[in-house]
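Novice: I'd like to ask some things about the structure below.
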Amino acid sequence: MQQLPPGFRWVGRGVGLDLHRDFVEVAICEDGVVRSAGRVKATPETLEVLGASLEPTDRVAMEVSGGCWEVARILEPHVQRVVVVSPDDTGIAQARTKTDKLDARALAKLMWHGELDAVWMPDKRCRVLRRRLARREQLVRSRTRCKGEVHAVLMRQLQGKPPCSDLFGVKGLKWLRSLDLPVEEAETVQAALRQIAFLDREIADVEKLIAKEMLSSPEARRLMTVPGVNLIATAAFLAAIGDISRFSNARRLVAYLGLDPRVRQSGEQPARSGRISKRGSAAARWALVEAAWSVVCQPGPLRAHYQRIRSRRGHGKAIVAAARKLAVLFWCMLTRGEDYAHQQPSLTAQKLRRLELTAGAPVRKGKPSGVWVTHQKMRHAEKQLAAQAQASYERMIRDWKAAPPKNDVGASVTAERA
(Lines give C-alpha, C1' and ligand atoms only; values in the text may rest on other atoms or scores of the structure.)
Protein backbone atom coordinates (compact mmCIF):
# COMPACT_ATOMS: atom_id res chain seq x y z
CA MET A 1 0.00 0.00 0.00
CA GLN A 2 1.15 3.54 -0.74
CA GLN A 3 1.80 5.66 2.35
CA LEU A 4 0.84 9.30 1.84
CA PRO A 5 2.81 12.05 3.63
CA PRO A 6 0.97 14.29 6.13
CA GLY A 7 -1.08 16.97 4.45
CA PHE A 8 -0.94 15.27 1.06
CA ARG A 9 -4.06 15.56 -1.09
CA TRP A 10 -4.78 13.74 -4.34
CA VAL A 11 -5.59 15.91 -7.34
CA GLY A 12 -8.53 14.48 -9.24
CA ARG A 13 -11.16 11.88 -8.49
CA GLY A 14 -11.07 8.18 -7.78
CA VAL A 15 -13.36 6.10 -9.97
CA GLY A 16 -14.29 2.52 -9.03
CA LEU A 17 -15.67 0.05 -11.56
CA ASP A 18 -17.32 -3.27 -10.69
CA LEU A 19 -17.29 -5.30 -13.90
CA HIS A 20 -19.91 -7.80 -15.00
CA ARG A 21 -20.64 -9.49 -18.30
CA ASP A 22 -23.58 -7.22 -19.20
CA PHE A 23 -22.96 -4.02 -17.23
CA VAL A 24 -20.41 -1.99 -15.27
CA GLU A 25 -21.24 -0.44 -11.89
CA VAL A 26 -19.61 2.99 -11.50
CA ALA A 27 -18.75 4.91 -8.30
CA ILE A 28 -16.83 8.18 -7.88
CA CYS A 29 -14.92 9.50 -4.87
CA GLU A 30 -14.26 13.26 -4.88
CA ASP A 31 -12.69 15.11 -1.92
CA GLY A 32 -13.21 11.97 0.20
CA VAL A 33 -16.96 11.79 -0.52
CA VAL A 34 -18.16 8.68 -2.36
CA ARG A 35 -21.25 8.59 -4.57
CA SER A 36 -22.70 6.01 -6.92
CA ALA A 37 -22.81 6.99 -10.60
CA GLY A 38 -25.13 4.26 -11.88
CA ARG A 39 -24.61 1.49 -14.39
CA VAL A 40 -23.47 1.44 -18.00
CA LYS A 41 -23.61 -1.38 -20.53
CA ALA A 42 -20.45 -3.41 -20.93
CA THR A 43 -20.00 -2.70 -24.64
CA PRO A 44 -17.07 -0.95 -26.36
CA GLU A 45 -19.30 1.90 -27.59
CA THR A 46 -20.77 2.59 -24.14
CA LEU A 47 -17.39 2.39 -22.46
CA GLU A 48 -16.00 4.90 -24.95
CA VAL A 49 -18.79 7.29 -23.94
CA LEU A 50 -17.97 6.63 -20.27
CA GLY A 51 -14.30 7.38 -20.88
CA ALA A 52 -15.15 10.63 -22.67
CA SER A 53 -17.27 11.73 -19.69
CA LEU A 54 -14.37 11.29 -17.24
CA GLU A 55 -11.80 13.98 -16.49
CA PRO A 56 -8.12 13.74 -17.53
CA THR A 57 -7.07 13.81 -13.85
CA ASP A 58 -9.27 10.86 -12.84
CA ARG A 59 -7.78 7.56 -11.68
CA VAL A 60 -9.83 4.41 -12.38
CA ALA A 61 -9.67 1.15 -10.38
CA MET A 62 -11.14 -2.26 -11.18
CA GLU A 63 -10.57 -5.84 -10.07
CA VAL A 64 -9.04 -8.54 -12.24
CA SER A 65 -11.69 -10.27 -14.35
CA GLY A 66 -12.16 -11.70 -17.82
CA GLY A 67 -12.75 -8.38 -19.60
CA CYS A 68 -10.72 -6.05 -17.41
CA TRP A 69 -7.82 -5.68 -19.87
CA GLU A 70 -10.11 -4.61 -22.71
CA VAL A 71 -11.91 -2.14 -20.43
CA ALA A 72 -8.53 -0.75 -19.32
CA ARG A 73 -7.42 -0.37 -22.94
CA ILE A 74 -10.57 1.64 -23.79
CA LEU A 75 -10.37 3.96 -20.76
CA GLU A 76 -6.61 4.60 -20.67
CA PRO A 77 -6.57 7.42 -23.28
CA HIS A 78 -9.20 9.40 -21.34
CA VAL A 79 -7.89 9.36 -17.75
CA GLN A 80 -4.67 9.84 -15.82
CA ARG A 81 -4.26 6.19 -14.82
CA VAL A 82 -6.11 2.87 -14.91
CA VAL A 83 -5.31 0.43 -12.10
CA VAL A 84 -6.20 -3.27 -12.21
CA VAL A 85 -5.97 -4.80 -8.72
CA SER A 86 -6.10 -8.29 -7.28
CA PRO A 87 -9.29 -9.12 -5.29
CA ASP A 88 -7.08 -10.40 -2.47
CA ASP A 89 -5.60 -6.91 -1.97
CA THR A 90 -8.85 -4.98 -1.64
CA GLY A 91 -10.54 -6.82 1.24
CA ILE A 92 -13.89 -6.60 -0.58
CA ALA A 93 -14.39 -10.36 -0.63
CA GLN A 94 -14.22 -10.48 3.20
CA ALA A 95 -16.83 -7.75 3.73
CA ARG A 96 -19.98 -8.64 5.67
CA THR A 97 -22.20 -6.88 3.14
CA LYS A 98 -21.24 -7.28 -0.50
CA THR A 99 -23.16 -5.78 -3.41
CA ASP A 100 -22.18 -4.32 -6.76
CA LYS A 101 -22.68 -0.74 -5.55
CA LEU A 102 -20.70 -1.28 -2.36
CA ASP A 103 -17.86 -2.96 -4.27
CA ALA A 104 -17.58 -0.07 -6.71
CA ARG A 105 -17.73 2.48 -3.88
CA ALA A 106 -15.01 0.65 -1.95
CA LEU A 107 -12.74 0.64 -5.01
CA ALA A 108 -13.36 4.35 -5.61
CA LYS A 109 -12.54 5.25 -2.02
CA LEU A 110 -9.38 3.12 -1.92
CA MET A 111 -8.30 4.60 -5.25
CA TRP A 112 -8.78 8.18 -4.06
CA HIS A 113 -6.78 7.52 -0.89
CA GLY A 114 -3.98 5.91 -2.92
CA GLU A 115 -4.20 2.56 -1.12
CA LEU A 116 -4.27 0.24 -4.14
CA ASP A 117 -1.33 -1.54 -5.74
CA ALA A 118 -1.77 -2.37 -9.40
CA VAL A 119 -1.05 -5.80 -10.80
CA TRP A 120 1.28 -5.99 -13.76
CA MET A 121 -0.52 -5.34 -17.04
CA PRO A 122 0.78 -7.71 -19.75
CA ASP A 123 1.57 -6.32 -23.17
CA LYS A 124 -0.19 -7.45 -26.35
CA ARG A 125 2.41 -10.13 -27.17
CA CYS A 126 2.10 -11.66 -23.72
CA ARG A 127 -1.71 -11.59 -23.81
CA VAL A 128 -1.78 -13.33 -27.20
CA LEU A 129 0.60 -16.03 -25.97
CA ARG A 130 -1.51 -16.59 -22.84
CA ARG A 131 -4.69 -16.89 -24.90
CA ARG A 132 -3.13 -19.46 -27.23
CA LEU A 133 -1.79 -21.53 -24.34
CA ALA A 134 -5.19 -21.47 -22.64
CA ARG A 135 -6.86 -22.58 -25.88
CA ARG A 136 -4.37 -25.42 -26.26
CA GLU A 137 -5.07 -26.52 -22.68
CA GLN A 138 -8.81 -26.71 -23.35
CA LEU A 139 -8.24 -28.69 -26.54
CA VAL A 140 -5.96 -31.16 -24.76
CA ARG A 141 -8.55 -31.64 -22.01
CA SER A 142 -11.23 -32.35 -24.61
CA ARG A 143 -8.98 -34.87 -26.32
CA THR A 144 -8.24 -36.58 -23.01
CA ARG A 145 -11.96 -36.84 -22.31
CA CYS A 146 -12.55 -38.49 -25.71
CA LYS A 147 -9.76 -40.97 -25.09
CA GLY A 148 -11.31 -41.76 -21.72
CA GLU A 149 -14.57 -42.69 -23.46
CA VAL A 150 -12.72 -45.24 -25.59
CA HIS A 151 -11.02 -46.76 -22.54
CA ALA A 152 -14.42 -46.92 -20.82
CA VAL A 153 -15.84 -48.91 -23.74
CA LEU A 154 -12.97 -51.42 -23.51
CA MET A 155 -13.55 -51.75 -19.78
CA ARG A 156 -17.28 -52.36 -20.18
CA GLN A 157 -16.63 -55.04 -22.79
CA LEU A 158 -13.90 -56.75 -20.71
CA GLN A 159 -11.28 -56.35 -23.43
CA GLY A 160 -8.36 -55.92 -21.04
CA LYS A 161 -5.19 -54.04 -21.84
CA PRO A 162 -4.32 -53.38 -25.50
CA PRO A 163 -1.33 -55.28 -26.95
CA CYS A 164 0.62 -52.03 -27.48
CA SER A 165 1.74 -49.12 -25.35
CA ASP A 166 -0.18 -46.42 -27.28
CA LEU A 167 -3.80 -47.31 -27.92
CA PHE A 168 -4.18 -44.34 -30.29
CA GLY A 169 -1.05 -45.01 -32.31
CA VAL A 170 -0.88 -46.93 -35.58
CA LYS A 171 -0.83 -50.40 -33.98
CA GLY A 172 -3.37 -49.43 -31.33
CA LEU A 173 -5.91 -48.10 -33.84
CA LYS A 174 -5.49 -51.19 -36.00
CA TRP A 175 -6.21 -53.41 -32.98
CA LEU A 176 -9.13 -51.20 -31.93
CA ARG A 177 -10.81 -51.47 -35.35
CA SER A 178 -10.42 -55.25 -35.34
CA LEU A 179 -12.51 -55.68 -32.17
CA ASP A 180 -16.00 -57.14 -32.42
CA LEU A 181 -18.02 -54.67 -30.34
CA PRO A 182 -21.78 -54.18 -29.99
CA VAL A 183 -23.33 -51.63 -32.34
CA GLU A 184 -23.81 -48.91 -29.72
CA GLU A 185 -20.26 -49.32 -28.36
CA ALA A 186 -18.76 -49.31 -31.86
CA GLU A 187 -20.61 -46.06 -32.58
CA THR A 188 -19.14 -44.53 -29.43
CA VAL A 189 -15.61 -45.58 -30.40
CA GLN A 190 -15.92 -44.27 -33.96
CA ALA A 191 -17.35 -40.94 -32.78
CA ALA A 192 -14.54 -40.56 -30.23
CA LEU A 193 -11.88 -41.36 -32.84
CA ARG A 194 -13.31 -38.72 -35.19
CA GLN A 195 -13.23 -36.14 -32.40
CA ILE A 196 -9.66 -37.10 -31.47
CA ALA A 197 -8.52 -36.72 -35.09
CA PHE A 198 -10.15 -33.27 -35.26
CA LEU A 199 -8.64 -32.18 -31.93
CA ASP A 200 -5.20 -33.41 -33.00
CA ARG A 201 -5.32 -31.06 -35.99
CA GLU A 202 -6.49 -28.14 -33.85
CA ILE A 203 -3.77 -28.72 -31.27
CA ALA A 204 -1.14 -28.94 -34.01
CA ASP A 205 -2.33 -25.59 -35.44
CA VAL A 206 -2.14 -23.86 -32.05
CA GLU A 207 1.28 -25.35 -31.32
CA LYS A 208 2.48 -24.11 -34.69
CA LEU A 209 1.54 -20.54 -33.76
CA ILE A 210 3.21 -20.88 -30.36
CA ALA A 211 6.35 -22.37 -31.92
CA LYS A 212 6.63 -19.48 -34.40
CA GLU A 213 6.49 -17.03 -31.50
CA MET A 214 9.06 -18.93 -29.46
CA LEU A 215 11.38 -19.41 -32.42
CA SER A 216 11.92 -15.66 -32.64
CA SER A 217 12.45 -15.31 -28.87
CA PRO A 218 16.07 -15.53 -27.64
CA GLU A 219 14.78 -16.09 -24.09
CA ALA A 220 12.87 -19.19 -25.19
CA ARG A 221 15.86 -20.63 -27.03
CA ARG A 222 17.98 -20.03 -23.93
CA LEU A 223 15.57 -21.79 -21.56
CA MET A 224 15.32 -24.79 -23.87
CA THR A 225 19.02 -25.50 -23.32
CA VAL A 226 17.98 -27.11 -20.01
CA PRO A 227 17.52 -30.87 -20.60
CA GLY A 228 13.87 -31.82 -20.09
CA VAL A 229 12.41 -28.35 -20.77
CA ASN A 230 10.19 -28.37 -23.87
CA LEU A 231 8.26 -25.84 -25.93
CA ILE A 232 5.07 -25.69 -23.82
CA ALA A 233 6.91 -25.36 -20.48
CA THR A 234 9.02 -22.52 -21.89
CA ALA A 235 6.04 -20.71 -23.41
CA ALA A 236 3.95 -21.04 -20.23
CA PHE A 237 6.77 -19.64 -18.09
CA LEU A 238 7.46 -16.66 -20.37
CA ALA A 239 3.74 -15.91 -20.76
CA ALA A 240 3.28 -15.87 -16.98
CA ILE A 241 6.22 -13.61 -16.06
CA GLY A 242 6.49 -11.33 -19.09
CA ASP A 243 9.62 -9.20 -18.59
CA ILE A 244 12.14 -10.85 -16.24
CA SER A 245 13.51 -7.42 -15.21
CA ARG A 246 10.33 -6.94 -13.13
CA PHE A 247 11.84 -9.26 -10.51
CA SER A 248 14.84 -7.88 -8.65
CA ASN A 249 15.77 -11.32 -7.26
CA ALA A 250 14.82 -14.96 -7.61
CA ARG A 251 12.76 -14.97 -4.40
CA ARG A 252 10.34 -12.44 -5.84
CA LEU A 253 9.89 -14.61 -8.92
CA VAL A 254 9.27 -17.73 -6.81
CA ALA A 255 6.69 -15.84 -4.73
CA TYR A 256 5.01 -14.51 -7.89
CA LEU A 257 4.64 -18.08 -9.18
CA GLY A 258 3.23 -19.32 -5.86
CA LEU A 259 6.06 -21.78 -5.19
CA ASP A 260 7.14 -20.17 -1.92
CA PRO A 261 6.06 -21.85 1.35
CA ARG A 262 3.57 -20.25 3.71
CA VAL A 263 5.08 -19.18 7.04
CA ARG A 264 3.19 -19.17 10.35
CA GLN A 265 4.42 -17.74 13.64
CA SER A 266 2.66 -16.65 16.82
CA GLY A 267 3.84 -15.68 20.27
CA GLU A 268 7.12 -17.19 21.41
CA GLN A 269 6.88 -20.13 19.05
CA PRO A 270 9.41 -20.23 16.20
CA ALA A 271 8.25 -19.75 12.64
CA ARG A 272 7.10 -22.80 10.72
CA SER A 273 6.93 -23.21 6.96
CA GLY A 274 3.95 -25.02 5.47
CA ARG A 275 2.53 -25.74 2.05
CA ILE A 276 3.27 -23.56 -0.96
CA SER A 277 1.16 -20.42 -1.31
CA LYS A 278 -0.17 -21.30 -4.82
CA ARG A 279 -0.58 -17.64 -5.73
CA GLY A 280 -0.12 -16.43 -9.26
CA SER A 281 -0.46 -18.40 -12.46
CA ALA A 282 -1.59 -22.00 -11.95
CA ALA A 283 -0.65 -22.78 -15.57
CA ALA A 284 2.94 -21.66 -14.98
CA ARG A 285 3.21 -23.78 -11.81
CA TRP A 286 1.83 -26.78 -13.66
CA ALA A 287 4.30 -26.27 -16.52
CA LEU A 288 7.25 -26.02 -14.11
CA VAL A 289 6.21 -29.16 -12.21
CA GLU A 290 5.72 -31.07 -15.46
CA ALA A 291 9.13 -29.90 -16.68
CA ALA A 292 10.66 -30.93 -13.35
CA TRP A 293 9.43 -34.49 -13.93
CA SER A 294 11.54 -34.63 -17.09
CA VAL A 295 14.48 -32.66 -15.72
CA VAL A 296 15.05 -34.99 -12.76
CA CYS A 297 15.31 -37.94 -15.17
CA GLN A 298 18.43 -36.39 -16.72
CA PRO A 299 21.79 -36.54 -14.92
CA GLY A 300 22.83 -33.23 -13.43
CA PRO A 301 22.67 -31.01 -10.33
CA LEU A 302 18.87 -30.71 -10.50
CA ARG A 303 18.51 -34.48 -10.29
CA ALA A 304 20.84 -34.60 -7.28
CA HIS A 305 18.80 -31.84 -5.62
CA TYR A 306 15.59 -33.82 -6.22
CA GLN A 307 17.08 -37.05 -4.84
CA ARG A 308 18.34 -35.25 -1.73
CA ILE A 309 14.90 -33.81 -0.94
CA ARG A 310 13.10 -37.07 -1.78
CA SER A 311 15.23 -39.07 0.66
CA ARG A 312 13.82 -37.13 3.63
CA ARG A 313 10.56 -35.51 2.43
CA GLY A 314 9.12 -37.87 -0.18
CA HIS A 315 8.52 -37.59 -3.91
CA GLY A 316 5.66 -35.06 -3.86
CA LYS A 317 7.52 -32.35 -1.99
CA ALA A 318 10.75 -33.15 -3.81
CA ILE A 319 9.25 -32.59 -7.26
CA VAL A 320 7.79 -29.25 -6.16
CA ALA A 321 11.19 -28.29 -4.72
CA ALA A 322 12.74 -29.20 -8.07
CA ALA A 323 10.18 -26.96 -9.82
CA ARG A 324 11.12 -24.11 -7.49
CA LYS A 325 14.82 -24.69 -8.18
CA LEU A 326 14.03 -24.69 -11.90
CA ALA A 327 12.32 -21.28 -11.58
CA VAL A 328 15.41 -19.91 -9.78
CA LEU A 329 17.60 -21.36 -12.54
CA PHE A 330 15.45 -19.67 -15.20
CA TRP A 331 15.78 -16.33 -13.41
CA CYS A 332 19.58 -16.63 -13.28
CA MET A 333 19.81 -17.62 -16.96
CA LEU A 334 17.57 -14.78 -18.18
CA THR A 335 19.02 -12.02 -15.99
CA ARG A 336 22.62 -12.99 -16.78
CA GLY A 337 21.97 -13.75 -20.44
CA GLU A 338 23.64 -17.16 -20.21
CA ASP A 339 22.69 -20.63 -21.44
CA TYR A 340 22.53 -23.61 -19.10
CA ALA A 341 26.06 -24.53 -18.03
CA HIS A 342 25.38 -28.30 -17.99
CA GLN A 343 23.42 -28.52 -21.23
CA GLN A 344 23.86 -31.40 -23.68
CA PRO A 345 24.59 -29.69 -27.04
CA SER A 346 23.32 -32.50 -29.25
CA LEU A 347 20.06 -32.72 -27.26
CA THR A 348 19.64 -28.93 -27.46
CA ALA A 349 20.17 -29.02 -31.22
CA GLN A 350 17.51 -31.70 -31.57
CA LYS A 351 15.00 -29.68 -29.54
CA LEU A 352 15.62 -26.53 -31.57
CA ARG A 353 15.26 -28.45 -34.82
CA ARG A 354 12.00 -29.97 -33.55
CA LEU A 355 10.87 -26.44 -32.68
CA GLU A 356 11.56 -25.35 -36.25
CA LEU A 357 9.57 -28.29 -37.63
CA THR A 358 6.64 -27.50 -35.34
CA ALA A 359 6.73 -23.91 -36.57
CA GLY A 360 6.35 -25.16 -40.16
CA ALA A 361 9.94 -25.41 -41.42
CA PRO A 362 10.34 -27.71 -44.47
CA VAL A 363 11.48 -31.27 -43.79
CA ARG A 364 14.88 -32.13 -45.23
CA LYS A 365 14.48 -35.10 -47.53
CA GLY A 366 17.08 -37.77 -48.07
CA LYS A 367 19.31 -39.72 -45.75
CA PRO A 368 18.98 -38.64 -42.07
CA SER A 369 21.90 -36.47 -41.00
CA GLY A 370 22.79 -33.57 -38.77
CA VAL A 371 21.05 -33.28 -35.42
CA TRP A 372 18.97 -36.42 -35.94
CA VAL A 373 22.02 -38.68 -36.27
CA THR A 374 24.24 -38.18 -33.25
CA HIS A 375 27.30 -40.30 -32.67
CA GLN A 376 26.78 -42.60 -29.72
CA LYS A 377 30.16 -41.69 -28.25
CA MET A 378 29.24 -38.00 -28.26
CA ARG A 379 25.94 -38.62 -26.47
CA HIS A 380 27.68 -40.88 -23.98
CA ALA A 381 30.34 -38.23 -23.32
CA GLU A 382 27.68 -35.55 -22.74
CA LYS A 383 25.87 -37.75 -20.25
CA GLN A 384 29.14 -38.45 -18.47
CA LEU A 385 29.80 -34.70 -18.09
CA ALA A 386 26.28 -34.23 -16.69
CA ALA A 387 26.85 -37.13 -14.29
CA GLN A 388 30.10 -35.50 -13.14
CA ALA A 389 28.22 -32.27 -12.42
CA GLN A 390 25.68 -34.27 -10.42
CA ALA A 391 28.46 -35.96 -8.41
CA SER A 392 30.09 -32.57 -7.77
CA TYR A 393 26.82 -31.20 -6.41
CA GLU A 394 26.32 -34.24 -4.17
CA ARG A 395 29.86 -33.90 -2.82
CA MET A 396 29.29 -30.20 -2.10
CA ILE A 397 26.14 -31.03 -0.15
CA ARG A 398 27.95 -33.72 1.87
CA ASP A 399 30.74 -31.26 2.75
CA TRP A 400 28.17 -28.63 3.69
CA LYS A 401 26.35 -31.04 6.02
CA ALA A 402 29.61 -32.19 7.59
CA ALA A 403 30.68 -28.63 8.43
CA PRO A 404 29.67 -27.34 11.90
CA PRO A 405 26.76 -24.87 11.96
CA LYS A 406 27.70 -21.20 12.11
CA ASN A 407 25.07 -20.48 14.78
CA ASP A 408 24.23 -22.74 17.71
CA VAL A 409 20.78 -21.23 18.24
CA GLY A 410 17.88 -20.13 16.07
CA ALA A 411 15.18 -21.63 13.93
CA SER A 412 17.67 -22.73 11.26
CA VAL A 413 19.09 -25.40 13.61
CA THR A 414 15.72 -27.07 14.23
CA ALA A 415 14.45 -29.47 11.60
CA GLU A 416 11.16 -28.61 9.87
CA ARG A 417 11.38 -25.00 11.04
CA ALA A 418 12.16 -21.90 8.99
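The values are calculated or read from the model by the stated rules, or taken from the named source; none is laboratory data. In this text the structure is predicted, and so the values were computed from the model without any measurement. No Cβ is skipped: glycine too gets one built from the backbone with ideal geometry, and neighbour counts run over all protein chains shown. Side chains included, ligands, DNA and RNA excluded: accessible areas come from the protein's heavy atoms. Shrake-Rupley method; radii C 1.70, N 1.55, O 1.52, S 1.80 Å.
Novice: Taking only pairs six or more apart or across chains, which ones have beta-carbon atoms under 7 Å, a first residue in region 278-297 that is over 9 Å from Phe237 (Cα atoms), and a second residue that is assigned to a loop (DSSP other than H, G, I, E, B) and open to solvent by 20 Å² or more (accessible area, probe 1.4 Å)?
Specialist: Correct list of pairs: Ala291/Gly228; Ser294/Gly228; Val295/Gly228; Cys297/Gly228.
Novice: Quick one: which of Arg201, Arg251 is loosely packed, with under 15 Cβ neighbours inside 10 Å, without any contact (Cβ under 8 Å) to a residue 12 or more places away in the chain and under 17 Å from the mean Cα position of the chain (by Cα)?
Specialist: Working: Arg201 fails: under 17 Å from the mean Cα position of the chain (by Cα).
Going through Arg201, Arg251 in turn, the sole match is Arg251.
Novice: Looking at this structure, is Leu133 over 13 Å from Leu238 (Cα atoms), hydrophobic (A, V, I, L, M, F, W, C), open to solvent by less than 80 Å² (accessible area, probe 1.4 Å) and modelled with pLDDT of 90 or more? Break it down stepwise before answering.
Specialist: On the way: over 13 Å from Leu238 (Cα atoms): no; hydrophobic (A, V, I, L, M, F, W, C): yes; open to solvent by less than 80 Å² (accessible area, probe 1.4 Å): yes; modelled with pLDDT of 90 or more: yes.
In short, no.
Novice: Okay, moving on. Within the group Asp123, Asp117, which residue is touching a helix residue (DSSP H, G or I) at 6+ places or on another chain (Cβ under 7 Å), loosely packed, with under 13 Cβ neighbours inside 10 Å and of a type in the set (Asp, Glu)? Step through it out loud before you land on a result.
Specialist: Working: Asp123 fails: touching a helix residue (DSSP H, G or I) at 6+ places or on another chain (Cβ under 7 Å).
Step by step, each of Asp123, Asp117 is checked, and only Asp117 is touching a helix residue (DSSP H, G or I) at 6+ places or on another chain (Cβ under 7 Å), loosely packed, with under 13 Cβ neighbours inside 10 Å and of a type in the set (Asp, Glu).
Novice: Let me ask something else about it. Which condition from (1) under 23 Å from Ser392 (Cα atoms); (2) in a helix (DSSP H, G or I); (3) open to solvent by 30 Å² or more (accessible area, probe 1.4 Å); (4) of a type outside the set (Ser, Thr, Tyr) is the one that Ala321 breaks?
Specialist: (3)
Novice: With respect to Arg308, determine if the residue is outside any loop (DSSP other than H, G, I, E, B) and surrounded by fewer than 20 Cβ atoms within 10 Å (Cβ to Cβ).
Specialist: For Arg308, the condition - outside any loop (DSSP other than H, G, I, E, B) and surrounded by fewer than 20 Cβ atoms within 10 Å (Cβ to Cβ) - is met.
Novice: Would you mind stating whether Val64 is open to solvent by less than 80 Å² (accessible area, probe 1.4 Å) and modelled with pLDDT of 90 or more? Reasoning before the result, please.
Specialist: On the way: open to solvent by less than 80 Å² (accessible area, probe 1.4 Å): yes; modelled with pLDDT of 90 or more: no.
Spelling it out, it is not the case that Val64 is open to solvent by less than 80 Å² (accessible area, probe 1.4 Å) and modelled with pLDDT of 90 or more.
Yes or no, residue by residue, for (1) open to solvent by less than 50 Å² (accessible area, probe 1.4 Å); (2) at pLDDT below 90; (3) farther than 30 Å from Trp120 by Cα; (4) assigned to a helix (DSSP H, G or I):
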site	(1), (2), (3), (4)
Arg262	no, yes, no, no
Gly267	no, yes, yes, no
Gly280	no, yes, no, no
Ala304	yes, yes, yes, yes
Lys317	no, no, no, yes
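Novice: Right, something else. Considering only residues that are part of a loop (DSSP other than H, G, I, E, B) and acidic (Asp, Glu), look in region 119-177 and name the one that is farthest from Leu257 (Cα to Cα). So that I can check it myself, show each step before the final result.
Specialist: So in region 119-177, the residues part of a loop (DSSP other than H, G, I, E, B) come out as 119-123, 157-169.
So of that shortlist, the ones also acidic (Asp, Glu) come out as 123, 166.
Working: Asp123: 19, Asp166: 34 Å.
Among those that are part of a loop (DSSP other than H, G, I, E, B) and acidic (Asp, Glu), it is Asp166.
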